[in-house]
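None of the figures in this text is laboratory data; all of them are computed from the coordinates on show. Treat the numbers as computed from the prediction; the structure is a model and nothing was measured. Using ideal geometry, Cβ is built from the backbone for each residue, glycine included, and neighbour counts are taken over all protein chains shown.
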Amino acid sequence: MTYRHRTSLALALLAALALACDGAGADPGPTGEPEPSRSTTSLPSSMAALGDSITAGFGSCPVFVACTRNSWSTGSSSAVSSHYRRILEDNPKIKGEAHNLAEPGAEADALAAQATRAVDLGVQYVTVLIGANDACAGRVQDMTTVATFRKEVDRGLKRLRKGLPKARVLVVSIPDLYRLWQVGRTDDEAVRVWAQGRICPSMLADPASRADADDARRKRVRDRIEAYNEQLRLACKAYGRRCRTDGGRAHEVRFDLDLVNRIDYFHPNVEGQNELAAVVYPDRFGW
């Protein structure tokens, strides 16, 4: 073969390669449809939410019960841009595969049982928000100890790691209940409701009192929640690369009375659920 022929053949091969590269990603797959983008394939096709009444959407519907359709995590209502609905926009495979396992009143010791249910469902993405009820005891001395809280969180996460080794886990920080008291203590209706002693009494009992003992009590609850959040961070770190935290974003939300319902002045309303969903949504999937 002459040099000229070799050169012409090489140029022809390069041209063919260029055409192939230009069409990469646009050619239809075996079904005749475009291949999914990398960002779509990295999104989970199933999920479960673990936690307490916040994730169960309690107080976000006109009827004062759990209202999972408004959950920041798995909610299907068009009123809330939940994690489920955000994922669904780009990955239709997740449709109908969002399971809310959160239970009103749940404390950290309920996490393992919820995790077991998530394992049985074989989900690919799990959200965890737990700990508010551990702090919201009838008395400050009855709050879950930090050591016990960590043990129960580890127990739940161990179930997930063993049963769903490829699932991605998002651990969300506990909202700032001290901040909620600060913004509600001057609202007559919030004070009236909280003073009944049924809503997080360790923090919200005698809400209008500025006695030293009451201030000290509230600060002990605030400090306990901060300690829980640190243990959640450390537990997720120990879990490994398949676990991420929200970086404290939920705790940093400046919840005011416009973000909670007007029945107990505690649980997030639809606007509060939306705010929570937005601030803790992962920057990207694929971890």
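Observations, loosely collected:
- Once exposed loop trypsin sites (Lys or Arg not before Pro) are cut out (DSSP; at most 13 other Cβ, 10 Å), longest piece of the chain: 1-94
- Å³ per residue enclosed by the Cα convex hull of the chain: 166 Å³
- Two-decimal log10 I(q)/I(0) for the range 134-274, as the Debye equation yields it once each C-alpha is a single scatterer, q = 0.10, 0.14, 0.18 Å⁻¹: -0.38, -0.71, -1.04
- Restricting attention to the chain, close to 10% of DSSP beta bridges with both partner residues there are antiparallel.
- Between the range 169-194 and the range 102-164, the alpha-carbon center distance in angstrom: 21 Å
- Values of log10 I(q)/I(0), in the order q = 0.17 Å⁻¹, for the range 207-279 under a Debye, Cα-only, solvent-free model: -0.86
- Sorted fewest first by neighbouring Cβ atoms within 10 angstrom, W194, W72 come out as W194, W72.
- Dividing the summed -39500 (n - 2.57) terms of all DSSP H runs of n ≥ 4 by the residue count of the chain sets its mean residue ellipticity at 222 nm at -13000 deg cm²/dmol.
- Taking Lys and Arg as +1 and Asp and Glu as -1, the other residues whose beta-carbon sits under 11 Å from that of T245 total +2.
- A straight chain from V191 to A79 at 0.36 nm per residue would run longer than the Cα-Cα distance by 37.5 nm.
- Excluding same-chain neighbours fewer than eight residues apart, the lysines reachable from K151 by a Cα-Cα span under 18 Å are K162, K237.
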